[in-house]
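Data block below; observations after.
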Amino acid sequence: MSRNLSNVAHRHISGRLVIATHNSGKLTEMRDLLAPYGISAISAGELGLPEPDETGMTFCDNAAIKALAAAKATGLPAFADDSGLAVDALDGAPGIHSARWAGPDKDFRGAMARIDEKLRALDATTPERRKAHFVSALCVAWPDGHTEDFEARVDGVLIWPPRGDQGFGYDPMFLPDGHDRTFGEMSSVEKHGLPPPARNQAEGSPVSRPDCAPNEKVGARSDAKPVPTFADRAPGKGLSHRARAFLKLAEACLAPQ
């Protein structure tokens, strides 16, 4: 396996891509991030691929396990995310086990309650004692074993009770630094730190679709504005951990070569 963790000789993503996830929330976010680049994507769940055992010791390890399994099974490049919540007062838990804390039924409401109970047992009731961060590791893998890896985080504090029904996972209890609303109260656009996608002003419909090249207009007037890429739409770091990691990936593997 060839892993590229540097900023040189990155491999460009083109054509069809498998999103190596069975998580509907992650799938929606990943498609939102990929859409401006005209990448046609299908998920591992939609293809009926089995979920590989995540035996890695880090987020990057587990993202690579998922991406490589999907790439080798399909013969297509595959894109995977491994992410989780790390709570300072709990020595970084649940960390890479974030999904497991929700159990087989994906009971994240119960997982959030478990975290709050553990924090209260430590008398961690003030924002200073309830610091946490989300981590996202993204991996793109090719059938020949080459991988590209990117990681980012966003810091915040954990509130109780949870607020909002947007997003997924631990979003409703995570208040990102500098904001007064949780990820659970933000739309996908707000959570990622992106403005709304460009639209065809004449027809009131999006001007990009998955089978189009980046910046290609679909049924749009000649004076319609081109679809911005992620970098165009999100100068700076983005907001969510996944958006920040994706910005690194986009600059390395999706930007014009």
Item to complete: Return the carbon/sulfur percentage of the accessible area of the stretch 75-202, one whole number, probe 1.4 Å, all protein chains in place.
Response: 50
Worksheet entry | Euclidean distance of C-alpha centroids, the stretch 130-158 and the stretch 54-120, integer Å | 11
Worksheet item: Simple spin-label model, 7 Å along Cα-to-Cβ: Lys106 to Glu190 in nm?
Response: 2.3
Worksheet item: Residue separation times 0.36 nm, minus the C-alpha to C-alpha distance between His146 and Ser14: what's the value?
Response: 46.1 nm
Fill in: Nearby aspartates and glutamates by direct alpha-carbon distance to Lys248 (threshold 12 angstrom, same-chain neighbours under 8 apart not counted)
Glu148, Asp149, Glu151
Worksheet item: How high is the FRET efficiency between Asp91 and Arg120 when r is their beta carbon distance and R₀ equals 25 Å, given to the nearest 0.05?
Response: 0.90
Item to complete: Average the reciprocal distances over every distinct pair of alpha-carbons in the stretch 30-118, invert the result, and give the Kirkwood radius in Å.
Response: 14.8
Fill in: For a label point 7 Å along the Cα-to-beta-carbon line of Ser24, residues of the stretch 157-195 with backbone N under 13 Å
167-169
Fill in: log₁₀ of I(q)/I(0) at q = 0.20 Å⁻¹ - the stretch 119-161, Debye sum with one point per alpha carbon
-0.69
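The values are calculated or read from the model by the stated rules, or taken from the named source; none is laboratory data. Note that this is a predicted model, so its numbers are computed, not measured. A quick note on method: Cβ atoms are made from the backbone with ideal geometry, for glycine too, and the neighbour counts reach across all protein chains shown. Note: accessible area is taken over every heavy atom of the protein model, side chains too, but ligands, DNA and RNA are not part of it. Shrake-Rupley method; radii C 1.70, N 1.55, O 1.52, S 1.80 Å.
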